[in-house]
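Colleague: Attaching a single structure in structure tokens format; questions to follow.
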Amino acid sequence: MRWAFGVLLFISIIQSLAGCAWVNNDPVAMKVPGSTEQVTPCVANNLGKEFRDAVPVVEHGNTPGSREITLNAPRGAMVGFVTLEPLPSGGTAITYYDGQLYWPNRMSSGLWPDVARDNWHRAERAVLQCTPKSA
């Protein structure tokens, strides 16, 4: 009986610690040719189309020359945000962070947040549309 109690205690401790880990929440990072000023309008427009956000919010980032784009769902919750950082080589580093990092993992009003498995692919598709096609 003591052994079973010890195993249950061990499992509950591991579960409480494992729940705090970020599992499969790595951001999507890409490199795009062109300056941040050139790439931002295209990326914001394509992300707005992919995520059905009529007006993505574009703000200045924390570092000089960087931008941040916030994407909202049609119901008003945040779907994710994108950072655009200038690279010393002349390109732009684009990183997409999913809204799951900031949303509660419980239902509210009987609806789950607007998080879908394909959010990563939608962000990647929007960014790839802004890269020049090579011949």
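Colleague: State all residues of the range 66-94 that are within 13 Å of Val39 (Cα to Cα) and not small (Gly, Ala, Ser); if no residue qualifies, say none. Full working, then the answer.
Modeller: Going through the range 66-94, the residues within 13 Å of Val39 (Cα to Cα) turn out to be 66-69, 82-87, 90-94.
Selection gives Arg67, Glu68, Ile69, Val82, Thr83, Leu84, Glu85, Pro86, Leu87, Thr92, Ile94.
Colleague: Further, regarding this structure: What residue, of Ala93, Ala135, Ala116, is open to solvent by 60 Å² or more (accessible area, probe 1.4 Å) and either modelled with pLDDT under 85 or not in a loop (DSSP other than H, G, I, E, B) (or both)? Working first, answer last.
Modeller: Details: Ala93 fails: open to solvent by 60 Å² or more (accessible area, probe 1.4 Å); Ala116 fails: open to solvent by 60 Å² or more (accessible area, probe 1.4 Å).
Result: Ala135 is the single residue among Ala93, Ala135, Ala116 that is open to solvent by 60 Å² or more (accessible area, probe 1.4 Å) and either modelled with pLDDT under 85 or not in a loop (DSSP other than H, G, I, E, B) (or both).
Colleague: Taking the conditions exactly as written (surrounded by 17 or more Cβ atoms within 10 Å (Cβ to Cβ), at pLDDT 75 or above and in a helix (DSSP H, G or I)), does Val82 satisfy them or not? Show your work before the answer.
Modeller: Numbers: surrounded by 17 or more Cβ atoms within 10 Å (Cβ to Cβ): yes; at pLDDT 75 or above: yes; in a helix (DSSP H, G or I): no.
So Val82 does not fit the description; no.
The values are calculated or read from the model by the stated rules, or taken from the named source; none is laboratory data. All values derive from a computational prediction rather than experimental measurement. Note: ideal-geometry Cβ built from the backbone for every residue, glycine included; neighbour counts use all protein chains shown. For accessibility, only protein heavy atoms count, side chains too; no ligands or nucleic acids. Shrake-Rupley method; radii C 1.70, N 1.55, O 1.52, S 1.80 Å.
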